[in-house]
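Sharing a structure below in structure tokens format, with a few things to ask.
The values are calculated or read from the model by the stated rules, or taken from the named source; none is laboratory data. Since we're looking at a predicted model, the values are computed, not measured. Glycine gets a Cβ as well: all are built from the backbone with ideal geometry, and neighbour counts include every protein chain shown.
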Amino acid sequence: MDFLVNNTGWIEVICGPMFSGKSEELIRRLRRARIARRRVQVFKPAIDLRYSADEIVSHTDARLKAEVVNNGPEILTRLDWRTQVVGVDEANFMGPEMVDIAQQLADSGKQVVIAGLDTDYLGRPFPPVPDLLALAESITKMLAICMRCGNPAKHTQRLVESEDLIVVGASGLYEARCRRCFEPGIPPHQEELPFVTAMRRAPSHSE
Ligand code: ADP
Ligand code: ZN
């Protein structure tokens with residue numbers, strides 16, 4: 001995205017499954033903003049400290065310094081009023097207030113660049129990203145490569161059994177899958193969603 005005149009704020013969202021290049025793309029956009037001499041602040045949620053406590057790290061090991069926050073509102077308390085561009089990684093871990101915070105930032109003239117998973121390990125929309133998509137000026141949906149068949153992949157396949165919505169990790173725990181290869185496994189004791197039940201009943205056309 002290019003930069004706007006007159007300090008008009010806006011929201012741009014980069015979404016997609018794990019391994020689709022969201023962090024790489026976020027880092028690329030924020031680096032370009034710095035090259036354009038814009039004042040940039042970058043935030044990531046405290047839940048995701050798997051590779052680095054003070055950086056965004058992509059699966060290709062691209063890195064960018066980031067401030068760690070526990071939730072959306074903490075971004076406001078950490079914000080330097082001179083900041084022009086606000087980057088947020090892993091928005092799916094930022095909590096529901098992230099939507100309102102992004103709106104406030106954009107309304108006050110900031111360019112807000114947000115990356116996050118748009119669906120969870122069962123293929124369900126992953127709050128608050130769907131609302132951010134609805135309110136954004138610009139949306140980029142990234143696709144990964146399906147680890148089963150090589151097609152473009154929009155799903156994050158969990159490879160280990162867990163009942164938790166959030167299991168932080170990457171290779172070995174998750175892989176990218178396309179629509180056909182995705183298997184939305186239902187952990188024991190978790191209620192099956194109607195669309196998943198329907199999916200199980202409907203025979204695949206290719207079989
Ligand atoms: P995300 O933030 O969406 O999880 P990253 O930006 O961290 O993605 O990493 C993207 C990089 O991961 C790609 O450029 C590629 O080198 C690597 N990669 C590993 N597995 C896959 C895959 N299944 N599909 C596409 N890229 C993959
Ligand atoms: Zn596939």
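Take the conditions surrounded by fewer than 17 Cβ atoms within 10 Å (Cβ to Cβ), more than 16 Å from ligand 2 (Cβ to nearest atom), among the hydroxyl-bearing types (Ser, Thr, Tyr) and not in a loop (DSSP other than H, G, I, E, B) and apply them to residue 60. Does it pass? Explain how you work it out, then say what you get.
Values: surrounded by fewer than 17 Cβ atoms within 10 Å (Cβ to Cβ): yes; more than 16 Å from ligand 2 (Cβ to nearest atom): yes; among the hydroxyl-bearing types (Ser, Thr, Tyr): yes; not in a loop (DSSP other than H, G, I, E, B): no.
No: the conditions fail for residue 60.
Determine if region 82-101 includes at least one residue that is within 16 Å of ligand 1 (Cβ to nearest atom), within 30 Å of residue 178 (Cβ to Cβ) and of a type in the set (Val, Ile, Thr).
Taking region 82-101 and keeping what is within 16 Å of ligand 1 (Cβ to nearest atom), we get 87-94.
In the following step, the residues that additionally are within 30 Å of residue 178 (Cβ to Cβ) were identified as 87-94.
Pick out the ones that are also of a type in the set (Val, Ile, Thr) and you get 88.
Taking every residue of region 82-101 in turn, at least one turns out to be within 16 Å of ligand 1 (Cβ to nearest atom), within 30 Å of residue 178 (Cβ to Cβ) and of a type in the set (Val, Ile, Thr).
Let me confirm something: among 115, 134, which residue is in contact with a helix residue (DSSP H, G or I) (Cβ under 6 Å, 6 or more places away or on another chain) and modelled with pLDDT of 95 or more? Talk me through it step by step, then tell me what you get.
On the way: 134 fails: in contact with a helix residue (DSSP H, G or I) (Cβ under 6 Å, 6 or more places away or on another chain).
Going through 115, 134 in turn, the sole match is 115.
Is it the case that some residue within region 148-155 is part of a loop (DSSP other than H, G, I, E, B), within 16 Å of ligand 2 (Cβ to nearest atom) and closer than 26 Å to residue 113 by Cβ? Outline the logic, then answer.
Pass one, region 148-155, residues part of a loop (DSSP other than H, G, I, E, B): 148-151, 154.
Now drop any that are not within 16 Å of ligand 2 (Cβ to nearest atom), which leaves 148-151, 154.
In the following step, the residues that additionally are closer than 26 Å to residue 113 by Cβ were identified as 154.
Yes, region 148-155 contains a residue that is part of a loop (DSSP other than H, G, I, E, B), within 16 Å of ligand 2 (Cβ to nearest atom) and closer than 26 Å to residue 113 by Cβ.
For residues in region 76-103 being aliphatic (A, V, I, L, M) and part of a loop (DSSP other than H, G, I, E, B), which is modelled with the lowest pLDDT?
Narrowing region 76-103 to residues aliphatic (A, V, I, L, M): 76, 79, 85-86, 88, 91, 94, 98-99, 101-102.
If we keep only those that are part of a loop (DSSP other than H, G, I, E, B) too, we end up with 79, 94.
Numbers: 79: 97, 94: 94.
Ranking the qualifying residues of region 76-103, first place goes to 94.
Hey, another quick one. Which numbered condition trips up residue 51, out of (1) loosely packed, with under 15 Cβ neighbours inside 10 Å; (2) at pLDDT 95 or above; (3) under 30 Å from residue 181 (Cα atoms)?
Answer for residue 51: the failing condition is (2).
Just give me the residues in region 92-135 being in contact with a Pro (Cβ under 7 Å, 6 or more places away or on another chain) and aliphatic (A, V, I, L, M), in sequence order.
Answer for region 92-135, where residues must be in contact with a Pro (Cβ under 7 Å, 6 or more places away or on another chain) and aliphatic (A, V, I, L, M): 94, 98, 99, 101, 117, 122.
On the given criteria, is residue 84 of a type outside the set (A, V, I, L, M) and within 18 Å of the chain's Cα centre (by Cα)? First the steps, then the outcome.
On the way: of a type outside the set (A, V, I, L, M): yes; within 18 Å of the chain's Cα centre (by Cα): no.
In short, no.
Looking only at region 63-81, count how many residues are surrounded by 17 or more Cβ atoms within 10 Å (Cβ to Cβ) and under 12 Å from residue 45 (Cβ atoms).
Start the filter on region 63-81 by keeping residues that are surrounded by 17 or more Cβ atoms within 10 Å (Cβ to Cβ), which leaves 64, 66, 68-69, 72, 74-75, 79.
Then drop every residue that is not under 12 Å from residue 45 (Cβ atoms), which leaves 66, 68-69, 72, 74-75.
Residues flagged as surrounded by 17 or more Cβ atoms within 10 Å (Cβ to Cβ) and under 12 Å from residue 45 (Cβ atoms) within region 63-81 amount to 6.
If you check residue 118 against the conditions, is it under 10 Å from residue 15 (Cβ atoms), crowded, with 18+ Cβ neighbours inside 10 Å, of a type outside the set (Lys, Arg) and within 12 Å of the chain's Cα centre (by Cα)?
Working: under 10 Å from residue 15 (Cβ atoms): yes; crowded, with 18+ Cβ neighbours inside 10 Å: yes; of a type outside the set (Lys, Arg): yes; within 12 Å of the chain's Cα centre (by Cα): yes.
Here the answer is yes, as residue 118 does meet what is asked.
Given the criteria touching a residue at least 12 places away in the same chain (Cβ under 8 Å), surrounded by 17 or more Cβ atoms within 10 Å (Cβ to Cβ) and either assigned to a loop (DSSP other than H, G, I, E, B) or within 16 Å of ligand 2 (Cβ to nearest atom) (or both), does residue 106 qualify? Explain how you work it out, then say what you get.
Details: touching a residue at least 12 places away in the same chain (Cβ under 8 Å): yes; surrounded by 17 or more Cβ atoms within 10 Å (Cβ to Cβ): yes; either assigned to a loop (DSSP other than H, G, I, E, B) or within 16 Å of ligand 2 (Cβ to nearest atom) (or both): no.
In short, no.
Please determine, by comparing only the residues of region 16-48 that are of a type in the set (A, V, I, L, M) and over 23 Å from residue 145 (Cα atoms), which one is surrounded by the most Cβ atoms within 10 Å (Cβ to Cβ).
From region 16-48, those of a type in the set (A, V, I, L, M) are 18, 26-27, 30, 33, 35-36, 40, 42, 46-47; that's our starting set.
Next cut, over 23 Å from residue 145 (Cα atoms) only: 30, 33, 35-36, 40, 42, 46-47.
Working: 30: 23, 33: 19, 35: 8, 36: 12, 40: 21, 42: 20, 46: 12, 47: 16.
The qualifying residue surrounded by the most Cβ atoms within 10 Å (Cβ to Cβ) is 30.
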